[in-house]
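Participant: I have a structure I would like to understand better, so I am pasting it below and will then ask my questions one at a time.
The values are calculated or read from the model by the stated rules, or taken from the named source; none is laboratory data. Please read all numbers here as calculations on a predicted model, not as lab measurements. Don't worry about glycine lacking a Cβ; one is built from the backbone with ideal geometry, like all the others, and counts go over all protein chains shown.
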Amino acid sequence: MAKDQMVMYEEEFNQIQLVVDKLVKDANAKVVFIVDKNGQLIAAAGDVDNLDTTSLASLTAGNIAATGGMAKLLREEEFATQFHEGSKQNVHIQLVGNRVILVVIFDSRSSLGLVRLRVKKASEELNKIFESLLKKVQEPGADTPFGEITDEDIDNLFND
Amino acid sequence: MSFINYMAREINCKIVYYGPGLCGKTTNLQYIYERTNPSAKGKLISLATETERTLFFDFLPLSLGEIRGFKARFQLYTVPGQVFYDASRKLILKGVDGVVYVADSQIERAEANIESLENLKTNLNEQGYSLEKLPFVIQYNKRDLPNVADVAELRELLNPTGVPEFEAVARTGVGVFETLKAVAKLVLTELKKGGG
């Protein structure tokens, strides 16, 4: 299972944060966030204070998973883009490198065309970052802070 | 697939509650949600039908405290138990770190229990996992009902390899946290063994 391990380091996190910060501005978006395919929130930017990003992350991943399941049945490789149109807000969902999901929430201050354009550029940048992150994680000797945890550490977690 | 975030000093793990329809998977999550300190939990999300049967999944994020300076966060998911939702069940198993199998102890559900456990194994294999290698615990639920099978019988049917097992009444909370703690411990132990 180690090959699937998702790890986030400070260096890559900062690079990713720069991309999402820029995307919020460039796309006139309300919120941008990145989720891995298992529903873990990786980064967020914009007006996130009043937003339940954990729940949104999990539902986004569920959404992508369901759409991926549909694609498989239709013998499509993937439906990489989704768009949900609301009365006030819209959501653009883009699968990046078949590994992470880029979500942009925007309102009438922006447009689908602009969002698509900016997402395309951001996806390319994110793809590069995640590729190098993946290589780093797979390098032998990549350390983990959990090799040294003791049974006692684990037990302590459950002392109410 | 756990997610170690060095930046946020967090470790995220995914636990899936599996079992036949109406065995009490959602009830487990509801009890955990009700009895957990608000600061340690997020929203309980249920994607259910109008008759409150799980349609896609339930989701509950939990924070268990710190381990070696990292926040230990667990994301609990249930699958829809009804047989015809198999495509959805497969999706939810993606990236799983630990499994709780909830069995319905009632005698007449024996066949449904076996079928669901076999389905779990098949679906895990399809994703390249095997149940033997995953952190895995079993809960015998609904022990308060009059028509339940003996635990010894259930064990023979469902737990031949002797993974940790718990008797439960999820409705009133009996055995619910014991089950959760056991699987969480196994997940963390696995993380330690696997070196991440």
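Participant: Find the residue count for the stretch A:72-117, including only residues that are part of a helix (DSSP H, G or I) and either at pLDDT 95 or above or among the aromatic types (Phe, Trp, Tyr) (or both).
Facilitator: Matching residues across the stretch A:72-117 total 6.
Participant: Something else now. It is to be established whether one or more residues within the stretch A:48-58 are away from chain B (no Cβ under 14 Å), surrounded by 21 or more Cβ atoms within 10 Å (Cβ to Cβ) and within 22 Å of A:Lys120 (Cα to Cα).
Facilitator: No, that holds for no residue.
Participant: Within the stretch B:90-109, does at least one residue satisfy the condition of being among the acidic types (Asp, Glu) and under 20 Å from B:Asn28 (Cα atoms)?
Facilitator: Checked against the condition, which is being among the acidic types (Asp, Glu) and under 20 Å from B:Asn28 (Cα atoms), the stretch B:90-109 yields at least one hit.
Participant: Turning to a different aspect of this structure: Residues in the stretch A:21-36: is at least one within 9 Å of another protein chain (Cβ to nearest Cβ) and surrounded by 20 or more Cβ atoms within 10 Å (Cβ to Cβ)? Give the steps one after another, and end with the answer.
Facilitator: To start, the set of residues in the stretch A:21-36 that are within 9 Å of another protein chain (Cβ to nearest Cβ) comprises A:36.
Okay, now just the ones that are also surrounded by 20 or more Cβ atoms within 10 Å (Cβ to Cβ), so A:36.
Yes, the conditions are met somewhere in the stretch A:21-36.
Participant: Among the residues of the stretch B:149-196 satisfying the criterion of being touching a Ser or Thr at 6+ places or on another chain (Cβ under 7 Å) and away from chain A (no Cβ under 14 Å), which is surrounded by the fewest Cβ atoms within 10 Å (Cβ to Cβ)?
Facilitator: B:Arg171
Participant: Of the conditions (1) on the phi < 0 side of the Ramachandran plot; (2) within 14 Å of another protein chain (Cβ to nearest Cβ); (3) polar (S, T, N, Q), A:Asn98 satisfies every one except a single condition; which number is it?
Facilitator: (1)
Participant: Suppose we filter B:Phe56, B:Phe70, B:Phe74 for residues that are buried (at least 16 other Cβ atoms within 10 Å of the Cβ), in contact (Cβ under 8 Å) with a residue 12 or more places away in the chain, within 30 Å of A:Asp151 (Cβ to Cβ) and at the interface with chain A (Cβ under 9 Å from one of its Cβ atoms); which single one remains?
Facilitator: Step by step, each of B:Phe56, B:Phe70, B:Phe74 is checked, and only B:Phe70 is buried (at least 16 other Cβ atoms within 10 Å of the Cβ), in contact (Cβ under 8 Å) with a residue 12 or more places away in the chain, within 30 Å of A:Asp151 (Cβ to Cβ) and at the interface with chain A (Cβ under 9 Å from one of its Cβ atoms).
Participant: Working only within the stretch A:61-95, note down all residues that are in contact with a Leu (Cβ under 6 Å, 6 or more places away or on another chain) and away from chain B (no Cβ under 14 Å).
Facilitator: Scanning the stretch A:61-95 gives A:Ala80, A:Gln94.
Participant: Restricting attention to the stretch B:4-27, which residues are in a loop (DSSP other than H, G, I, E, B) and either polar (S, T, N, Q) or away from every other protein chain (no Cβ under 14 Å) (or both)?
Facilitator: B:Gly19, B:Pro20, B:Gly21, B:Leu22, B:Cys23, B:Gly24
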